[in-house]
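The next block holds one structure in the form of structure tokens; read it before the comments.
The values are calculated or read from the model by the stated rules, or taken from the named source; none is laboratory data. The structure displayed is predicted, hence computed values, not measured ones. Methodologically, a virtual Cβ is constructed for each residue, glycine included, from the backbone with ideal geometry; neighbour enumeration extends over all protein chains shown.
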Amino acid sequence: MTNLYDLSDDDLKALFARWEMPAFRAKQVSEWLYKHKVTTFEAMTNLPKALRERLAAETRLGVLAQAAEQHSAESATTKRLYRLPDNQLIESVLMEYEDGRRTACISTQAGCAMGCVFCATGQMGFARHLTDGEIVEQALHFARLLESEGDRLSNIVLMGMGEPLHNYENTLRAIRRLNDPNGLNIGQRHITLSTVGLVPEIRRFAEEALQVGLAISLHAATDSERSALLPINRRYPIRAVIEAAAYYVQRTGRRVTFEWALIRGENDTVEQAEKLGALLQGLLCHVNLIPLNPTNGYNGAPSDPLRVDAFQATLSRYGVSSTVRVRRGIDIQAGCGQLKTEVLRRERRRLSIN
Ligand code: SAH
Ligand code: SF4
């Protein structure tokens, strides 16, 4: 059955053309989907009853079924687990900041094929790509929640489960609909895509003439160290990743962000900060330093605060700006892939008790 959130404006028009309905029905339906964010076909009151019935019989209004939710008042973070029709589980997180930003962190794949050793999603392996509708719908649910409270979703980060550039086509379709004034109407500059560093896709993404923010997961400044953490580095080594980042800056004029999960005793020495500083010197970029969020499948710990400070001070000697980001919602397993791991563990325990 067609998920209406998988259809672009043109796809919707084509559907109504096939059904021999006037084209303006597409516009009406699109408004119900993205502007009013209705949850039933009955709510689409300006459509003839017969059309509502046909839509209800032949299409569906989204596919995400909420399977768990955790809210942390302390970190103003809401984490949701959704079940998809084929039983896959995906996560999204809403973060509410004091400056008013409301940021949805959404998934692009069920699982991930990249196998980064410290990542809970990587530890699960790859299940499948999400459709564009499944990506968009995660943001839509939070937008609906916020609007019911008189608030508004302001930012989107494609930093949940999965590697967005491995699911290039669907991710791009999703970005276009999230950005579309007739879609969720989130400004391109308020959308950020995070990638493990798929070089050809970064270059392709640079050609799309978008103003979307790009974040690249670096985590190490030498190829041997990076390959040990991020296996994809064997295919796309650091030099190629930095060149692709520079190309993105050149094409878009936008500053690129590099992410660095600080792992105690692994990648948090002053020497490593110097290597990173030398690597990034002169590039229009910023570094996000994120103390590691421990996961069951990886025997690593977050760096001590003093180490973090020394790392940051070293970067600034190279003229490289950085921010230390405390992972939000650590109390509710808000590291990507962690709520799913936790819920599956609970389910297995329940099964083995019964
Ligand atoms: N696949 C993309 C986006 C999803 S991961 C990517 O890798 O960039 C989002 C970010 O979380 C990445 O920077 C990733 O390296 C980081 N990350 C994954 N597991 C983490 C952990 N346990 N602690 C800290 N950061 C983690
Ligand atoms: Fe995939 Fe990103 Fe996790 Fe690596 S860090 S396994 S690319 S989701």
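Filter the range 80-126 for residues that are among the charged types (D, E, K, R) and under 15 Å from the mean Cα position of the chain (by Cα) and give the result. Reasoning before the result, please.
Here is the first cut: in the range 80-126, the ones among the charged types (D, E, K, R) are 80, 83, 86, 91, 96, 98-99, 101-102.
If the condition is that a residue be among the charged types (D, E, K, R) and under 15 Å from the mean Cα position of the chain (by Cα), then 80, 91, 102 are the ones that fit.
Which residues, taken from the range 231-248, are of a type in the set (Phe, Trp, Tyr) and more than 16 Å from ligand 1 (Cβ to nearest atom)?
Of the range 231-248, the ones of a type in the set (Phe, Trp, Tyr) are 236, 247-248.
247, the sole residue that qualifies.
For the range 9-65, name all the residues that are among the β-branched types (Val, Ile, Thr) and part of a loop (DSSP other than H, G, I, E, B). First the steps, then the outcome.
Quick first cut of the range 9-65, residues among the β-branched types (Val, Ile, Thr) only: 29, 38-40, 45, 59, 63.
Those that are among the β-branched types (Val, Ile, Thr) and part of a loop (DSSP other than H, G, I, E, B): 38, 39, 40, 45, 63.
Need the failing condition index for residue 44 against (1) assigned by TED's automatic domain parsing to the domain that holds residue 261; (2) over 17 Å from the mean Cα position of the chain (by Cα); (3) crowded, with 19+ Cβ neighbours inside 10 Å, just the number.
Among (1) assigned by TED's automatic domain parsing to the domain that holds residue 261; (2) over 17 Å from the mean Cα position of the chain (by Cα); (3) crowded, with 19+ Cβ neighbours inside 10 Å, the lone unmet condition for residue 44 is (1).
Quick check on this structure: which one of 195, 171 is within 23 Å of residue 66 (Cα to Cα), within 14 Å of ligand 1 (Cβ to nearest atom) and modelled with pLDDT of 95 or more? Steps first, please.
Working: 195 fails: within 23 Å of residue 66 (Cα to Cα).
Checking each option against the conditions leaves just 171.
Any idea which of 148, 107, 154 is among the small types (Gly, Ala, Ser), under 24 Å from residue 31 (Cα atoms) and either within 16 Å of ligand 2 (Cβ to nearest atom) or free of Cβ contacts under 8 Å to residues at least 12 places away in the same chain (or both)? Even if it seems obvious, please write down each step before you answer.
On the way: 107 fails: under 24 Å from residue 31 (Cα atoms); 154 fails: either within 16 Å of ligand 2 (Cβ to nearest atom) or free of Cβ contacts under 8 Å to residues at least 12 places away in the same chain (or both).
Only one candidate qualifies: 148.
Hey, among 98, 53, 74, which residue is under 30 Å from residue 299 (Cα atoms) and away from ligand 1 (no atom under 16 Å from the Cβ)?
On the way: 98 fails: under 30 Å from residue 299 (Cα atoms); 53 fails: under 30 Å from residue 299 (Cα atoms).
Only one candidate qualifies: 74.
Going by the conditions given, is residue 141 away from ligand 2 (no atom under 16 Å from the Cβ) and at pLDDT 95 or above? I'd like the intermediate steps shown before the answer.
On the way: away from ligand 2 (no atom under 16 Å from the Cβ): yes; at pLDDT 95 or above: yes.
Answer is yes for this residue.
What is the number of the single condition among (1) part of a helix (DSSP H, G or I); (2) closer than 29 Å to residue 30 by Cβ that residue 161 does not meet?
(1)
Search the range 218-269 for residues being β-branched (Val, Ile, Thr), part of a strand (DSSP E or B) and within 16 Å of ligand 2 (Cβ to nearest atom), and hand back the single one that is farthest from residue 158 (Cα to Cα). Can you show your working first?
Kept after step one, since they are β-branched (Val, Ile, Thr), are these residues of the range 218-269: 222, 232, 238, 241-242, 249, 252, 256-257, 263, 269.
After this cut, where a residue has to be part of a strand (DSSP E or B) as well, the list is 256-257, 263.
Imposing the further condition that a residue be within 16 Å of ligand 2 (Cβ to nearest atom) reduces the set to 257, 263.
Numbers: 257: 13, 263: 23 Å.
That would be 263.
Of all residues in the range 201-212, how many are in contact with a Leu (Cβ under 9 Å, 6 or more places away or on another chain), more than 30 Å from residue 147 (Cβ to Cβ) and not hydrophobic (A, V, I, L, M, F, W, C)?
The total comes to 2.
Find the residue count for the range 210-230, including only residues that are in contact (Cβ under 8 Å) with a residue 24 or more places away in the chain, away from ligand 1 (no atom under 12 Å from the Cβ) and more than 16 Å from the chain's Cα centre (by Cα).
At the first step, the residues of the range 210-230 found to be in contact (Cβ under 8 Å) with a residue 24 or more places away in the chain are 210-222, 225, 228-230.
Within this subset, residues satisfying the condition of being away from ligand 1 (no atom under 12 Å from the Cβ) are 210-213, 221-222, 225, 228.
With the extra rule that they be more than 16 Å from the chain's Cα centre (by Cα), the set shrinks to 210-211, 221-222, 225, 228.
Result for the range 210-230: 6.
Only one of (1) in contact with a strand residue (DSSP E or B) (Cβ under 7 Å, 6 or more places away or on another chain); (2) at pLDDT below 95 fails for residue 348. Which number is that?
Looking at each condition in turn, residue 348 falls short on (1).
Taking residue 133, is it within 16 Å of ligand 2 (Cβ to nearest atom), among the small types (Gly, Ala, Ser) and either surrounded by fewer than 24 Cβ atoms within 10 Å (Cβ to Cβ) or not assigned by TED's automatic domain parsing to the domain that holds residue 34 (or both)?
Working: within 16 Å of ligand 2 (Cβ to nearest atom): no; among the small types (Gly, Ala, Ser): yes; either surrounded by fewer than 24 Cβ atoms within 10 Å (Cβ to Cβ) or not assigned by TED's automatic domain parsing to the domain that holds residue 34 (or both): yes.
No, not satisfied.
Could you grab me the full set of residues in the range 174-190 that are crowded, with 24+ Cβ neighbours inside 10 Å and more than 15 Å from ligand 1 (Cβ to nearest atom)? Give the steps one after another, and end with the answer.
From the range 174-190, those crowded, with 24+ Cβ neighbours inside 10 Å are 174-175, 177-178; that's our starting set.
The answer is 177, 178.
Take the residues in the range 129-154 that are among the aliphatic types (A, V, I, L, M) and not in a helix (DSSP H, G or I); name whichever of them is nearest to ligand 1 (Cβ to nearest atom). Step through it out loud before you land on a result.
Applying the first criterion (among the aliphatic types (A, V, I, L, M)) to the range 129-154 yields 130, 135-136, 139-140, 143, 145-146, 153.
Now narrow it down to the ones that are not in a helix (DSSP H, G or I): 130, 153.
Details: 130: 13, 153: 19 Å.
Going through the qualifying residues, I end up with 130.
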